[in-house]
Amino acid sequence: MKKLLAGLLMSVAGVSAHGGEWMPYVYQAPVVIQQAPVVPYYYVPMVTMVPVAPQYVPVTLYQNVLVERRCWTLLKKTEVVSVPQTVYVPVRY
């Protein structure tokens with residue numbers, strides 16, 4: 001009980017203990033550090049757009065077609081004919 005009263009008396013009197021040493025209480029203003037304002041920095045890559053026309057290569061495809069030709073009235077003559085078709089395909093780099 002005596003220790004409790006002694007501690008209460010010292011706290012009212014303004015005495016504090018730091019590391020087992022008794023010293024009077026001295027008010028120290030808190031250290032205020034002003035931080036620089038944060039400016040967001042966004043990296044925007046500089047991309048120059050150069051219009052490039054895609055290059056196309058002609059590719060010839062052949063398709064076999066069965067053709068019927070009538071000779072006279074009842075006779076039919078069949079023939080396989082290859083039909084060329086040109087397609088332009090873009091070149092991949």
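Within region 20-27, identify whether any single residue is under 30 Å from residue 9 (Cβ atoms) and surrounded by 10 or more Cβ atoms within 10 Å (Cβ to Cβ), and answer yes or no.
Within region 20-27, one or more residues are under 30 Å from residue 9 (Cβ atoms) and surrounded by 10 or more Cβ atoms within 10 Å (Cβ to Cβ).
Pairs, please: C-beta under 7 Å, at least 6 apart or cross-chain, first residue touching a residue at least 24 places away in the same chain (Cβ under 8 Å) and in region 47-65, second outside any loop (DSSP other than H, G, I, E, B) and among the β-branched types (Val, Ile, Thr)?
Pairs found: 56/89; 57/89; 58/86; 59/87; 59/89; 60/86; 61/87.
Would you be able to tell me the number of residues in region 45-79 that are of a type in the set (Asp, Glu) and within 30 Å of residue 92 (Cα to Cα)?
0
Since every read-out is calculated from the coordinates, none of them should be taken as a lab result. Worth saying up front: this structure is predicted, and the values here are computed from it rather than measured. As a convention, Cβ positions derive from the backbone with ideal geometry for all residues, glycine included, and neighbour counts pool all protein chains shown.
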